[in-house]
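Peer 1: Sending over a structure as structure tokens; questions will come in a sec.
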Amino acid sequence: MERECSDEEEDRRHLISPKSPQRRASIFQIDDSKNNNSASGSGSGSGIMGNYYYLMLKKKKTRYILAITLPLLLFIVVFIYYFTSDFKSLFGLAPPAYNNNNEGDMMRESELQALNLLKRQQSGLVALWNHSDSSGFIKSRLLDQISLNNKIQNALLSSHHYHHQQPPINNNNNLTPPPLCPKVDQNFSQRRTLPWNPNKDKYLFAICTSGQMSNHLICLEKHMFFAALLDRILVIPSSKVDYEFTRVLDIDHINLCVGRQVVIPFEDFPQRNKNRMRIDQVLCYFSLPQPCYVDDDHLKKLKALGVSITTELNTVWTEDVKKPTHRTIHEVTEKFSSNADVLAIGDVFFADVEKRWVEQPGGPIAHKCQTLIEPSRVILLTAQRFIQTFLGDKFIALHFRRHGFLKFCNAKNPSCFFPIPQAAECITRLVERANIPVIYLSTDAAESETGLLQSLITLNGKTVPLITRPARNSAEKWDALLYRKKLDGDPQVEAMLDKTISALSAVFIGAPGSTFTEDILRLRRGWGTASVCDEYLCQGEVPNFIAGDE
């Protein structure tokens, strides 16, 4: 039975003729057609001569073959060597050879010089942005130029990123490109500060009534400035007439930073003041729309705490909360200096006193910390754990205020309430500029609005995720501290947690006109996290559609 042939054997059969003894004998004949008797063995002399001629011919053919093939083989070897060498260089498989005298090195040196010039230009653009009082549109264009500058630097650097690259020729050049949205240089060493050395028996009784928690925190910060100017200890309001500040702030932190006791909670006030629960003098900062910007309801709450006001509410000047006058520290100390043990000046949220001084990074008071009014340690750690769990070190924070904001913004000129498609375009542009495709969303918007916003924010065909704090889940441990300290579910704690996460972001987009946003910006200035890309939503633009008035 015959064995079946494999494909390989079948191919060989077609390419090479079978070798037989008869065929091997015939190859010694020079010309079969001219020697018909050779096959029968007749004519032995001619057979010998034929073998001689065949050998001579074979020798010549061998010489010809060697003469042709040896140079060809040598050419092939050289060709392969150079081709593979060039191929490796072309695709970065071998490091390029640098010679200080060749043209490539001159070009490389020029590129490094161009990088240095671009970095100097970028530093100038950033400095111009930091000190610019121009409109939002102009600042936005400056940021575009900073971003373009960075892209040019990256393009120049791309030609130097070789596998196993040798050190650059000029070792003094740093080839690391600067971040697209660098941090703002806050110039902490140049801060103008005021020492706070209070008289241990003199107090300033803080009263804050306007708005929500963010307004009250700004009111407290300004009260601290007044207390420092007047050499008094600040009394933090009671939770029975104001927010429970001890749940969101660390009061001891303020005293430790200043280096002495400069603030006390209301609960410590009676003991410190020898159980005299009274306000000895009221000198109102604001006179309109009512003295001290304090309503009767607030006065009743103070009396319910046992706090008596032994004097009338006196106004020291005509001052309207809607049109505050710029005041200096000399005017304040002149009008509010008093010998009374306990002084009150009413709500000072709208006060305009040395604004540039008060709003500088870290605030106007001398201290050894980054900022005085900041979230409690528990809230800060919880924010850090959330970031580590869901966000990572590079994320954009967005404060997207919507509830009640439509009427508030439309009362302004121009309005600050943007249609969601327009807002999505503005956010996408900043995401592209910063090259950070992750957004933490702090909002009071309805799901219908946030869902539409999420669907419209895309970059390079991919959706940019809007991440919010999820509902409590016992399997997640990032919020365990809040649960353990019984702080979970408190809306003011959650609001401060949102602020803290946003303040730690790489880039922040705020809601124009919102004190929630302003408090985040204050923290970012103090903590040194403020970026040159920070901006208000659609900064420099006007809503493309505005509804009519009622």
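Peer 1: Tell me, what is the Rg over Rh of the range 396-456, with Rh the Kirkwood radius over Cα pairs? List each step's numbers first, then the result.
Peer 2: Numbers: Rg = 12.1 Å, Rh = 12.4 Å.
Answer for the range 396-456: 0.98.
Peer 1: What number, in nm² with one decimal, is the all-direction average of the projected area of the convex hull of the alpha-carbon atoms of the range 424-466?
Peer 2: Values: hull surface 11.4 nm².
Its average projected convex-hull area is 2.9 nm².
Peer 1: Name the residues whose placed amide hydrogens come within less than 5 Å of the amide hydrogen of residue 309, ignoring near sequence neighbours (fewer than 5 apart) on the same chain.
Peer 2: Amide H neighbours of residue 309: 279.
Peer 1: Which far-off residues, 5 or more places away or on another chain, put their amide H under 5 Å from the one on residue 327, with H placed in the peptide plane?
Peer 2: The answer is 352, 353, 354.
Peer 1: For the range 185-242, would you read off the P(r) tail past 17 Å as a percentage of all alpha carbon pairs?
Peer 2: Across the range 185-242, Cα pairs with separations above 17 Å total 48 percent.
Peer 1: I'd like the Karplus ³J(HN,Hα) series for the range 505-517: coefficients 6.51, -1.76, 1.60, θ = phi - 60°, whole numbers in Hz, and an x wherever there's a Gly or Pro.
Peer 2: 6, 6, 9, 10, 10, x, 9, x, x, 9, 6, 4, 5
Peer 1: To the nearest Å, what is the center-to-center distance of the range 465-513 and the range 443-461, using C-alpha atoms only?
Peer 2: 19
Peer 1: Next up: Using θ = phi - 60° and the Karplus curve 6.51 cos²θ - 1.76 cosθ + 1.60, what whole-Hz ³J(HN,Hα) does each residue of the range 429-434 get, with Gly and Pro shown as x?
Peer 2: Those phi angles translate into 4, 6, 4, 5, 5, 7 Hz.
Peer 1: What is the set of long-range amide H partners of residue 194 at a cut-off below 5 Å, with H atoms built 1.01 Å from backbone N?
Peer 2: Under 5 Å from the amide H of residue 194: 365, 366.
Peer 1: Would you tally the net charge around residue 288, using a Cβ to Cβ cut-off of less than 11 Å, leaving residue 288 out, and scoring K and R as +1, D and E as -1? If you can, show how the numbers build up before the last one.
Peer 2: On the way: positive: 322, 323; negative: 319, 320.
So the environment of residue 288 carries a net charge of 0.
Peer 1: To continue, here is another question. Among the listed pairs 222/335; 300/407; 151/394; 322/407; 202/335; 274/322, which have their C-alpha atoms separated by more than 27 angstrom in this model? Don't skip to the answer; put the middle values down first.
Peer 2: Values: 222/335 16 Å; 300/407 31 Å; 151/394 19 Å; 322/407 18 Å; 202/335 17 Å; 274/322 39 Å.
In this structure, 300/407; 274/322 lie more than 27 Å apart at Cα.
Peer 1: Just flag the trypsin sites (Lys or Arg not before Pro) in the range 360-443 sitting in loop per DSSP whose Cβ has no more than 10 other Cβ atoms within 10 Å.
Peer 2: 368
Peer 1: Multiply the residue gap between residue 337 and residue 138 by 0.36 nm, knock off their C-alpha separation, and tell me the result in nm, one decimal place. Working shown, then result.
Peer 2: On the way: separation 199, 0.36 × 199 = 71.64 nm, distance 4.38 nm.
Full extension from residue 337 to residue 138 adds 67.3 nm.
Peer 1: Related question: Can you give the local net charge around residue 118? Use residues other than it whose beta-carbon is closer than 13 angstrom to its beta-carbon, Lys and Arg +1, Asp and Glu -1. Before the final figure, lay out the partial values.
Peer 2: Details: positive: 119, 120, 151; negative: 111.
Here the charged neighbours net out to +2.
Peer 1: To the nearest 20 debye, what charge dipole does the range 303-455 have about its Cα centre, counting +1 at the Cβ of each Lys and Arg and -1 at the Cβ of each Asp and Glu?
Peer 2: 340
Peer 1: Where the eigenvalues come from the Cα gyration tensor of the range 436-550, what are the semi-axes √(5λ) of the equivalent ellipsoid, largest first, in whole Å?
Peer 2: Numbers: eigenvalues 139, 71, 56 Å².
Working from the Cα gyration tensor, I get semi-axes of 26, 19, 17 Å.
Peer 1: Output the direction-averaged projected area (hull surface divided by four) of the convex hull of the alpha-carbon atoms of the range 306-381, in nm².
Peer 2: If you wrap the Cα atoms of the range 306-381 in a convex hull and average its projections, you get 8.3 nm².
Values quoted throughout were computed directly from the atomic coordinates according to the rules given, and no laboratory measurement underlies them. Nothing here was measured: the structure is a model prediction, and the numbers come from that model. All Cβ positions, even for glycine, are placed from backbone atoms using ideal geometry, and neighbour counts span all protein chains on display.
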